[in-house]
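These notes are about the structure you will find just below.
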Amino acid sequence: MFNRLQRFWTSIKIAIDVAVLTVAFVLSYYTRFDVLHGAPRPPTRETLITLLLVLVLFPVAYRQSRLYATNRIRTHLEEVFELFKATITASLVLVALTYFGRERYSRLTLALFAGYSFVLVAATRVAFRVWLEALRRRGLNLKSILLVGAGELGERVVETIEHHRELGFRVTGVLARDLLLPGTTVRGAPVIGTADEVERILTEHPVDQVILALPSEDTGLLKTLMGKLALRTVDVKIVPDLFQYVTLYGGLEEFGGLPIVSLQGGPLEGWNLVAKRVFDILFSAAALILVSPILVVVALLVKLTSKGPVLYKQERMGMDGAVFPILKFRTMRTDAESSGARMATAGDDRRTPVGAFLRRTSLDELPQLFNVLRGDMSLVGPRPERPVFIEEFKRQIPKYHLRHKVKAGITGWAQINGLRGQTSIAKRIEYDLYYIENWSLLLDLKILVRTALGGFLSRNAY
């Protein structure tokens, strides 16, 4: 029910956006060719193709910016800012695509469209949110829920429903396993009786839906409750206790009609995986062309200032635990690990004459662009660690292994926030998991921009 309603609201948002984008495109067309004049009208076919691109690119950019995700906490200003970033991204892609077209479409028309679309879509979305908030404040069209379960799982259900109030649900009462003190509440929802009283309470206080959120040890009670509720027409939902074990991208799935609880998953599947790989290939190839002079200069410096190979290969662990050879410019003596593997430290005497400079500026990482082209790594992701250290980290830090649900990256969310070198591994994992849970191409682009603007420099890089 919750999922269907969320999809329903999402489809409404998409339909409204498509309609508003069409209006914005028509306005920009007539402004350019009827108000400003000065240019011949483009062929109708080219105009329709450009409009079709608009109606595909912009909703996709909005989705990547999570503008179709339910987020009651996000303010109007934050939503408008995300819309602005998505508009800029989609506009740049649109210009690039039309630039390579047989007939280059009017750039002024596209610039006018970007402005019109941002203003009209922003105004429509803010008005839509204000209208929904007004409905919620007036208590209109709310469905009542009786929650059975006053424990931790029940608290999570109430909290989730409160965070999605725009769907129109409200917990009007809670039934506990045992009798509780009068006035007891679960996240603000009143406890009105015990689970044994479910039939009487449903008779006295009819509700639209009953949600059972009982711990696994109450399996016997669950069977009894289902027997009683089977005699009534009220909708019944069960929140399985397994959800306490859900970590990354878990949830309820369906396979051939069989319900399956996914406890652990990853964000990169299907088109998301394809999009990130295409993004990596295009940007890493472009970056290699741009930095090729720097690669040559650094290679010469390494060769002329110390004996040994220019490049250094080291085993690192990437996606799904696969081990691959990472490429770096050599910054240490060839016998640096003759006594065993150890992490670099400040003032490390194993470094070559230019090694400290290369590590501090992260120029030694540039050959990893070849790792990205080969598919070993991504441009953005958790930094890969050496297998020799990972076993220790997995024992010490909960959820450490989840960072291997995506490809390792040259740069990442943790790195641009200063978590490099001998900084807290636990804090670094926290930032890595935030990146995985909130991944989008726009977030990747944001991290790359911040890296290019100084993210390679760090006082913790040695």
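The values are calculated or read from the model by the stated rules, or taken from the named source; none is laboratory data. Everything quoted here is computed from the prediction, not taken from an experiment. Quick reminder, even Gly has a Cβ in these numbers, built from the backbone with ideal geometry, and neighbours come from all protein chains shown. Protein only, heavy atoms only, side chains kept; ligands, DNA and RNA dropped before computing areas. Shrake-Rupley method; radii C 1.70, N 1.55, O 1.52, S 1.80 Å.
Can you list the lysines whose alpha carbon sits under 27 Å from that of K307, skipping same-chain ones fewer than 8 residues off?
Here the lysines satisfying the reach criterion relative to K307 are K328.
Got a sec? Charge dipole of segment 169-218, +1 on Cβ for Lys and Arg, -1 for Asp and Glu; which of T184, P215, I201 is way out at the positive end?
So the residue furthest toward the plus end is T184.
Could you give the nm distance between label points at Q396 and I14, where each point is 7 Å from its Cα heading toward the beta carbon?
Distance between the two pseudo-spin positions: 4.6 nm.
Between L214 and residues 5 or more places away or on another chain, which pairs have amide H atoms under 5 Å apart, with H built 1.01 Å from N, and which residues are they?
Correct list: V239.
So between R386 and A426, what do we pick up on full extension, going 0.36 nm a residue minus the alpha carbon distance?
Length difference between fully extended and current span is 12.8 nm.
Quick check: at a probe of 1.4 Å, how many percent of the accessible area of segment 119-229 sits on carbon and sulfur atoms?
55 percent
Applying a 10 Å radius around every beta-carbon, put 352-364, 34-46, 229-241 in order of their mean neighbour count, most first.
Descending packing order for the listed peptides: 352-364, 229-241, 34-46.
Using R₀ = 30 Å, calculate the FRET efficiency as 1/(1 + (r/R₀)^6) where r is the Cβ-Cβ separation of L108 and V80; round to 0.05.
Step by step, r from the Cβ atoms, then E = 0.75.
I'd like to check one number: the per residue accessible area of segment 89-239, probe 1.4 Å, reported in Å² as a whole number.
Value returned for segment 89-239: 55 Å² of accessible area per residue.
Using modelled amide H (1.01 Å from N, peptide plane; none on Pro or chain starts), what sits under 5 Å from the amide H of A150, excluding residues fewer than 5 places away?
Here the answer is R177, since their amide H atoms fall under 5 Å of that of A150.
If you roll a 1.4 angstrom probe over the protein chains with everything in place, what fraction of the accessible area of segment 358-462 belongs to carbon and sulfur, to the nearest %?
54 percent
Take E197 and E162, extend 7 Å from each Cα along the Cα→Cβ direction, and tell me the distance between the two endpoints in nm.
Modelled inter-label distance: 2.3 nm.
Quick one: which residues, 5+ away or cross-chain, put their amide H under 5 Å from the amide H of V323? H built at 1.01 Å from N.
Close amide H contacts, sequence-distant or interchain: G318.
How would you rank 309-317, 442-450, highest first, on the average number of other Cβ atoms within 10 Å across their residues?
With the highest mean Cβ count within 10 Å placed first, the list reads 442-450, 309-317.
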